[in-house]
1. If the Cβ limit is 6 Å and pairs must be 6+ apart or interchain, which residue in region 173-191 that is more than 11 Å from residue 120 (Cα to Cα) pairs with which residue that is loosely packed, with under 14 Cβ neighbours inside 10 Å?
2. When region 252-282 is examined, which residues are found to be in contact with a helix residue (DSSP H, G or I) (Cβ under 9 Å, 6 or more places away or on another chain) and in contact (Cβ under 8 Å) with a residue 24 or more places away in the chain?
3. Hey, residue 369 hits all of (1) in the same structural domain as residue 275 (by TED's automatic domain parsing); (2) over 36 Å from the mean Cα position of the chain (by Cα) but one; which does it fall short on?
4. Can you list residue pairs whose Cβ atoms sit under 8 Å apart, with the first residue in region 94-105 being in a loop (DSSP other than H, G, I, E, B) and the second being surrounded by fewer than 14 Cβ atoms within 10 Å (Cβ to Cβ)? Count only pairs 6 or more apart in sequence or on different chains.
5. Name the single residue that is farthest from residue 328 (Cα to Cα) among those in region 256-276 being surrounded by fewer than 19 Cβ atoms within 10 Å (Cβ to Cβ) and within 22 Å of the chain's Cα centre (by Cα).
């Protein structure tokens, strides 16, 4: 019989006890950790490359899409492409000699007076392009930026007082607009004449001149840029702002130990004749000024006869009825000159701040107290019924049982004594 030498036998391993962890050699664990780290780094690198590619794609899309309008204080070139080579152009205040460095057109005229000016249109792209150049009334966008209505709209205020002069090679449209075609790098100077009607009201009449890209069969893209016209008609003016259409909505907190929210929304209307900036404050408080809160906002510009919306949240405790007011304080925009007193405006606001969560907590607390009292009474009645049964079983007459609040304790003690001492029958006496 052949036996394997002890040195040749496979080493015997003792299995680890259940619930213990087997420690692997350090070099094995280091190798696994290295592999995991390398894999994580590879995943992070791939994720970083994908994120960078997404950011670049978003930036490219943003650069390709042209703004709906760019009529601000500083003329900015507009760029667009719609599956074709990009078109870039700009409109700036200037003279027949070219742009003169102004940011906008600014005129102060008497009723019935006029003034001549010009804007310079440059095709900064590498292909020919056609532009529709027209004037319009100034408005404010929802974001508070100065804007002009799209082409085809009929101006009724300052825009209607602007006439565009002739440009060599341009086509005159029925509404007075121009259709100008420029080669790459070409420039055109568009004469601008502002004529104020004799019956024009004093104050600001905002307007502007826009150059909008035209492509295809006379189709206008929503890509345009322009120059703003600050037009002031002389005379006595008023400067006033007023809050209007004030709305307040109570939003309770489900945490009974935290305040709720009152969402306020209102319009700041320019009821005067000149453009103004505004500082607004909405204040609310409970009876006696309890839980006062406020919300402040600023509007950089509100045009005459127009308005801008303001929204905000106030942290208010549920004081049942919260009352307060919204105030508007006007101030002069930029370098404007306003020879009139700045009138503030105010409007009252009331909101019912019902403490729903606190009422719910009160219901829970009262319900808990009632439940505890009911269970105590029920337990006491159950104990008493068992005591009565024990006394009855022990032969204790009902007349001997105590009455009132001490009944339970006394009868319970009597029941214990009755159970501890057996009843002994009374001695019997026989008489002859």
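1. 179/171; 183/128; 184/126; 184/127
2. Correct list: 252, 253, 254, 255, 256, 260.
3. Every listed condition holds for residue 369 apart from (1).
4. 103/73; 103/74; 104/73
5. Within region 256-276, the match that is farthest from residue 328 (Cα to Cα) is 258.
The values are calculated or read from the model by the stated rules, or taken from the named source; none is laboratory data. The shown structure was predicted, so the numbers you read here are calculated from the model rather than taken from an experiment. In this analysis, Cβ positions are derived from the backbone assuming ideal geometry, glycine residues included, and neighbour counts consider all displayed protein chains.
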